[in-house]
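**Q** Shown below is the structure under consideration.
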Amino acid sequence: MGDTYESLTVDVDGQVAQVTLTGPGKGNAMGPAFWAELPVAFAALDADPAVRAIVLTGSGRNFSYGLDLAAMGDTLGPMMADGALAKPRADFHARLKTMQQSITAVADCRTPVIAAIAGWCIGGGVDLISAVDIRYASADAKFSVREVKLAIVADVGSLARLPLILSDGHLRELALTGKDIDATRAEKIGLVNDVFADAEATLAAAHDTAREIAANPPLVVQGVKDVLDEQRTAAVAASLRYVAAWNSAFLPSKDLTEGITAMFAKRPPEFTGE
């Protein structure tokens, strides 16, 4: 069985499904198709009683470069205009809440999800892996909560869910610097459970764990996940609501334009606090 979307593929083998990010943006960047299709794919898997565990991975050499800024220009563009008024801000707020819900669909899926991460996992990629249950990394994996370098407060899940995964100091270091960390560091701070030699070994380990989960009584597995999630659902939802309102109010800035312009020009940004 296999379902193909524009931004991902879904393949089911026995009781384990594999969701593979496919782009179409470079490095499996997250464009309009991703945000529309991810919740549809995970809702379908959640509703399929034959699927007892899900492996999430990226195609090619990287997990995800994060938000496809070029393809998502219609979302950010109006907020970069001088004097953005209530209408573009309200439209952005609505769009952002929809994007948040796309990632939340992964977190809310009753079926456990294991991420197998190789290469780069940047920005939106970290938002996505923060919503899964178990994270495995290849030795070449690199992670960055990079939004701060674009003059953006990360707003689709990292700042809501990583406080439940990382200690406060490690999270603040990542989020305030936007620095890159390697797989060894990610394992040391608890961002990933384990590190494997390469992408193939990482994916194999994820499937091994998925089969181990799938062999357990499915209603009880769902119950364990539900009880664990109960401790965080309200806190995550409140954080997502707050950051949606915060960014709708404060995202427009000269620094936002500078951050995105500098990224495309591949030069260091010069931020002024305006």
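**Q** Determine ³J(HN,Hα), in whole Hz, for all residues of the range 147-158 in sequence, where each value follows from phi through the Karplus function 6.51 cos²θ - 1.76 cosθ + 1.60 and θ = phi - 60°; x replaces Gly and Pro.
**A** For the range 147-158, the Karplus-derived couplings read 3, 4, 6, 9, 6, 10, 7, 3, 10, 10, x, 4 Hz, x marking Gly and Pro.
**Q** How far, in nm, would the chain grow between ALA235 and ALA36 when pulled straight, counting 0.36 nm per residue and subtracting the alpha carbon separation?
**A** Values: separation 199, 0.36 × 199 = 71.64 nm, distance 2.48 nm.
Fully extending the segment from ALA235 to ALA36 adds 69.2 nm.
**Q** Right, another one. Could you work out how much longer the chain between ALA204 and LEU176 gets when fully extended? Use 0.36 nm per residue separation minus the Cα distance between them, nm to one decimal.
**A** Working: separation 28, 0.36 × 28 = 10.08 nm, distance 3.38 nm.
Using 0.36 nm per residue and subtracting the Cα-Cα distance, I get 6.7 nm.
**Q** Mind ranking 153-159, 83-89 by how tightly packed they are, going by the mean number of other C-beta atoms within 10 angstrom, highest first? Before the final figure, lay out each step's value.
**A** Details: 153-159: 23.7, 83-89: 11.9.
In decreasing order of mean packing, 153-159, 83-89 become 153-159, 83-89.
**Q** Also: Place the peptides 8-16, 56-64 in order of packing, highest mean first, counting for every residue the other Cβ atoms within 10 Å and averaging per peptide.
**A** My ranking of the peptides, most packed first, is 56-64, 8-16.
**Q** Let me ask something additional. Under 5 Å between amide H atoms, partner at least 5 residues away or on a different chain: which partners does ALA53 have, H built in plane at 1.01 Å?
**A** ALA17
**Q** At 10 °C and 1.306 mPa s, grab the translational diffusion coefficient of the range 151-193 from Stokes-Einstein with a Kirkwood Rh over Cα pairs, rounded to a whole number in µm² per second.
**A** Numbers: Rh = 10.8 Å.
The Stokes-Einstein estimate is 147 µm²/s.
**Q** Let me know the shape class of the range 92-225, please: from the alpha-carbon gyration tensor, a ≥ b ≥ c as square roots of the eigenvalues, rounded when a/c is under 1.5, otherwise prolate if a/b is greater than b/c, or oblate.
**A** Values: a/c = 2.02, a/b = 1.23, b/c = 1.64.
Note, shape of the range 92-225 comes out oblate.
**Q** Which of the helices in the chain meet the span-like rule: DSSP H, Cα axial reach of 27 Å or more, Kyte-Doolittle mean at least -1.0? Intermediate results must be reported in sequence, preceding the final value.
**A** Details: long enough: 86-108 (31 Å, -0.50).
What comes out of the filter, once short or polar helices are dropped, is 86-108.
**Q** With all distinct Cα pairs included, what does the Kirkwood hydrodynamic radius of the range 71-135 come out to in Å, to one decimal, could you say? Intermediate results must be reported in sequence, preceding the final value.
**A** Values: mean 1/r = 0.0725 Å⁻¹.
With all distinct Cα pairs of the range 71-135 included, I get 13.8 Å.
**Q** Students often get this wrong, so check it: of LYS97/LYS142; LYS149/LYS188; LYS26/LYS87; LYS179/LYS254; LYS87/LYS225; LYS188/LYS266, which have C-alpha atoms separated by over 29 Å? Kindly include the intermediate steps, with their values, before the conclusion.
**A** Numbers: LYS97/LYS142 27 Å; LYS149/LYS188 24 Å; LYS26/LYS87 32 Å; LYS179/LYS254 22 Å; LYS87/LYS225 39 Å; LYS188/LYS266 31 Å.
In this structure, LYS26/LYS87; LYS87/LYS225; LYS188/LYS266 lie more than 29 Å apart at Cα.
**Q** Once you charge only the Cβ atoms, +1 for Lys and Arg and -1 for Asp and Glu, what is the size of the charge dipole of the chain about its Cα centre, to the nearest 20 debye? Please list the in-between numbers first.
**A** Numbers: 24 positive and 34 negative charges, 119 e Å.
Magnitude of the dipole: close to 580 debye.
**Q** For Cα extents along the principal axes in Å, pick the label among (i) 53, 42, 33; (ii) 56, 36, 35; (iii) 70, 70, 32 that corresponds to the value derived from the coordinates.
**A** Computed from these coordinates, Cα extents along the principal axes in Å corresponds to label (ii).
**Q** Through the Karplus equation 6.51 cos²θ - 1.76 cosθ + 1.60, θ set to phi - 60°, convert the phi angles of the range 59-71 into ³J(HN,Hα) values in whole Hz; use x for Gly and Pro.
**A** 7, x, 8, 10, 5, 6, 6, x, 4, 7, 4, 5, 6
**Q** For a test of the definition: using alpha carbon positions, the gyration tensor, and the 1.5 limit on a/c, classify the range 185-274 as rounded, prolate or oblate. Present the calculation step by step, with values, prior to reporting the outcome.
**A** Working: a/c = 3.73, a/b = 1.63, b/c = 2.29.
Oblate, since a/c reaches 1.5 and b/c is not below a/b.
We did not get these values from a lab; they are worked out from the coordinates using the rules stated. Everything quoted here is computed from the prediction, not taken from an experiment. Neighbour counts run over all protein chains shown; Cβ positions are idealised from the backbone, glycine included.
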